[in-house]
């Protein structure tokens with residue numbers, strides 16, 4: 001099923017795409033909840049498409065709210081992605097702390113490394129059954 005719906009604003013509400021884009025960027029730039037220069041705006045026939053990367057969901061939501069009610073906007077497409085800031089060294093440390101609480105293996109035989117947001121555990125562990133369960 002294909003639906004082609006066209007939204008037409010009253011003649012007094014019409015606004016050019018360039019003016020809508022400028023207003024959207026201005027509104028977003030004034031919002032302290034949205035990181036500066038994180039969002040890009042494209043407008044076509046009054047339809048606003050938001051792209052970019054933010055660290056939190058609320059930042060994405062505020063950017064969409066900022067432009068939704070602007071004069072001349074007929075709709076908003078949200079293509080903003082959330083890219084959380086990950087402190088890999090802190091995560092590595094927390095994993096090592098958890099491994100030290102383990103009864104199943106010696107955490108000294110495991111190495112935790114972090115690179116480009118990926119955590120890698122390498123090493124060897126001894127298979128543990130109830131017969132060789134630590135006392």
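The values are calculated or read from the model by the stated rules, or taken from the named source; none is laboratory data. Treat the numbers as computed from the prediction; the structure is a model and nothing was measured. Every residue, glycine as well, gets a Cβ built from its backbone with ideal geometry; the counts of neighbours run over all protein chains shown.
Tabulated data
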quantity	calculated
Pair list, Cβ under 8 Å, 6 or more apart: region 7-31 residue outside the structural domain of residue 46 (by TED's automatic domain parsing), other residue at pLDDT below 95 and assigned to a helix (DSSP H, G or I)	none
Residues of region 109-124 satisfying the condition of being at pLDDT below 75 and farther than 12 Å from residue 92 by Cα	116
Subset of region 20-62 [under 11 Å from residue 73 (Cβ atoms) and in a helix (DSSP H, G or I)]	20, 21, 23, 24, 27
